[in-house]
Every structure is written in C-alpha cells, then in structure tokens.
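Enquirer: Below you'll find the structure I mean.
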Amino acid sequence: MILLDGKTTSQQIKEEIKETVSKMKSHGEKVPHLAAVLVGNDGASLTYVGSKVRSCEYVGFDSTLIRLDENISEEALLEQIDTLNKDNALDGYIVQLPLPKHINEEKILLAIDPKKDVDGFHPANFGRMALELDAFIPATPYGIMQLLERYNVPTSGKHCVVVGRSHIVGRPISILMSQKGAAGNATVTVAHSRTENLADLTRQADIIVMALGIPEYLTADMVKEGAAIIDVGITRVEDDKHPKGYVIKGDVAYDEVAQKASYITPVPGGVGPMTIAMLLKNTLLARQWNK
Ligand code: GUN
C-alpha cells in the first residue's frame, strides 16, 4: 500500500511556487497578491484563513486579510467586493465561507470577478473548467488531481466512483477525472445520498473518492482488493480523551480499508493540506494570466 502523502506533496508544491516567485522578484516583476475576506469570528474559518495568509508569506506572495464585522449588510459586503474587483494591485481574492445567514452566499460569489476568483467558485470558472479551457479549478479537486498525478496512480480506463455531488468537490472531481490528460481518462460514476446499492458500486471501483462528510462510512467490505482510496472527509468528532475535545475523522474507516488499498490518503495529512497549496497555485496563475 502506498500512502498518498498530502503533507509532503503540498510542501513540494509550495517550494516550487516559492522558487518561481523568487525568480519573478529577481527579474523585477510584481509578485502575486492574494486577499482573503473573513466575515465574523468563526473559529474554524479564522484558523483556515490564518493558515492561507501565512502560506502566502512563506512562498513570497503579498497578502491582505480583510476582516469584516459579523453584522455587515449584504450591500456593504457587495461594495467591498466591487472595491476588490477594481483593485489592480490584487491578482486574486477569496471570500471565506460560510457567510452569516443574513447574507446570500450565491449573490456574493456571483459578484466576484471571475479573473480574480482563485477559489474557482464562479459559474464562469466552473463552465470553463468543464469545457477544458484555462480556468481556476477549486482547490480541493485540483489538489486531488495533483496527488493522483504526482503518485502516478493509474486512472486511464479505470472505473472511478465519486461519492458526493457537491459543487466544490464531488461534481468537479467527477468532471476532471473523466477529461483527457493527466489523472484523467477515467470512467466515472457519481454516487450520492439517494444512490441505491452503493456498496455494489464501490466494490466495482478501481478508484473511490469519498466526499460525503460521514465519518468512517466506507468500510473494508465495500472496497475491492487493490483499489485506490481518496478521502475528502474532515469531520470533527467529539473525543474527551483528546486535549482539543475532538478528533478529525475522514469518510473512510482507515485502518481496515488501508489493508485492501493500493493507494490511500490519510486524514489528516492527505487531501486537506493540498487545498492551500492549490489556492497558492491559482493565485500564481492569476498573476501570470492577468499580466
Ligand atoms: N470554507 C471552507 N473551504 C473553503 C474554501 O476552499 N474557500 C472558501 N472561500 N471558503 C471555504
């Protein structure tokens, strides 16, 4: 069994980006600049955004954190978006989700200039991705494609079962893996909460992408010997024995499934760390495309 190590791979990608930025600097070019908008004080969001900003500093990007009050109106947030769209110093920006309930998330995401949408959440980017045009690919599916490619996991002609149809993970990864190119050419089945006989499908799969959000859902009896397993789940499960009071669980019953798998991503340390690396990659692409 080969561990698909997202911690090491994401570090490699960051080093590659750092090297490119260093060359840009030595040629007197402007370095990429990412801004992150954080509304309110949600603990997990603060952690994620803090980590994104620190990663920018690590690779030599400029970064700006814009913190807004929890009670900001939708109109005022849209004005902020308009300012960011017009700011020529910025190559890309993200609006950290989830937003407070009184704000329509879809309306905000639609207001982001697709050329600066380094999260790849705007329909223009989703459509471009589906049509195999240059696009910002959402960080999680982009990270999965990088892991498959860099570890040479066989995908061409293989049957991949994606469990989950979210706009950010399940749906885009199903499109990417069926396309031509590296980590592509797979025959993809998209399964979801209404799928009947899920285990019959997963048992036929050469590759399983679990993006359901139910801890340890995929058990060894649902997996074919030698399958490659990608676990996108990150659920906090209460655990009094742990100092934090919780542990992070994936969608895969790791210990038993790992015994049958040819490749597997751990949780934590698999897909998770790849997402920040791919956000940085998208910001670098934004700089290069907007030049
Ligand atoms: N919240 C959880 N994941 C993400 C992400 O990838 N981007 C944004 N903007 N918010 C998130």
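Rule-based calculations on the coordinates, nothing more; no lab input. If you're wondering where the values come from, they're calculated on a predicted model, not measured in any experiment. Positions of Cβ are generated from backbone atoms using ideal geometry, with glycine treated the same way; all protein chains shown enter the neighbour counts.
Enquirer: For the residues Leu99, Leu133, Leu34, what sequence is obtained by ranking on other C-beta atoms within 10 Å, fewest first?
Expert: Fewest to most other Cβ atoms nearby, the residues stand as Leu133, Leu99, Leu34.
Enquirer: Taking R0 as 51 Å, what's the FRET efficiency between Asp82 and Lys180 from their Cβ-Cβ distance, rounded to 0.05?
Expert: Between Asp82 and Lys180 the formula returns 0.85.
Enquirer: Right, something else. Normalised radius of gyration for segment 75-184, please: alpha carbon Rg relative to 2.2 N^0.38 Å, two decimal places.
Expert: 1.21
Enquirer: Further, regarding this structure: Using every pair of alpha-carbon atoms in segment 169-216, split the distances into 5 Å bins beginning at 0 and state the percent of pairs per bin, rounded to integers.
Expert: Over segment 169-216, the share of Cα pairs per 5 Å bin runs 4, 20, 29, 27, 13, 6, 1 percent.
Enquirer: Need one number: convex hull volume per residue for segment 104-163, Cα atoms only, in Å³.
Expert: Roughly 108 Å³ of hull volume per residue.
Enquirer: Here's something else I'd like to know. Given the -39500 (n - 2.57) contribution per DSSP H run of 4+ residues, what per-residue ellipticity at 222 nm results for the chain, rounded to the nearest 500 deg cm²/dmol?
Expert: -12500 deg cm²/dmol
Enquirer: Among Leu198, Val153, Leu110, whose Cα projects farthest towards the positive end of the dipole of the chain, with charges put on the beta-carbon of Lys, Arg (+1) and Asp, Glu (-1)?
Expert: Val153
Enquirer: Further question on the same structure: At 25 °C and 0.890 mPa s, what whole-number value in µm²/s does Stokes-Einstein give for the translational diffusion of the chain, with Rh from the Kirkwood sum over Cα pairs?
Expert: 123
Enquirer: List the aspartates and glutamates whose alpha-carbon lies under 13 Å from that of Lys260, not counting same-chain residues fewer than 8 positions away?
Expert: Result set, ordered by chain and number: Asp206, Asp221, Glu225.
Enquirer: Determine the alpha carbon to alpha carbon distance for each of Lys30/Lys115; Lys23/Lys180; Lys52/Lys116; Lys30/Lys86; Lys52/Lys249 and list only those over 20 Å.
Expert: Lys23/Lys180; Lys52/Lys249
Enquirer: Separate question: Rounded to a whole number of µm²/s, how large is the Stokes-Einstein D of segment 220-260 at 4 °C and 1.567 mPa s, given Rh as the Kirkwood radius over C-alpha pairs?
Expert: Taking Rh from Cα pairs, D becomes 112 µm²/s.
Enquirer: Still on this structure: State, in angstrom, two size descriptors of segment 149-291 derived from its alpha carbons: Rg to one decimal place and Dmax to the nearest whole number.
Expert: 16.0, 52
Enquirer: Moving on. What percent of all Cα-Cα pairs in segment 1-109 falls in each 5 Å bin, counting up from 0?
Expert: 2, 10, 18, 18, 17, 13, 10, 7, 2, 1, 0
Enquirer: By DSSP, what percent of the beta bridges with both residues in the chain are antiparallel, rounded to the nearest 5?
Expert: If I count the DSSP bridges inside the chain, around 10 percent turn out antiparallel.
Enquirer: Extension gain Ser22-Glu70, at 0.36 nm per residue separation less the Cα-Cα distance, in nm?
Expert: Full extension from Ser22 to Glu70 adds 13.5 nm.
Enquirer: Let me ask something additional. Ranked highest first by average number of other Cβ atoms within 10 Å, how do 163-176, 191-204 line up?
Expert: 163-176, 191-204
Enquirer: What aspartates and glutamates sit close enough to Lys291 to cross-link, taking a C-alpha to C-alpha distance under 12 Å and skipping anything fewer than 8 places away on the same chain?
Expert: Those aspartates and glutamates meeting the cut-off are Glu29, Asp91.
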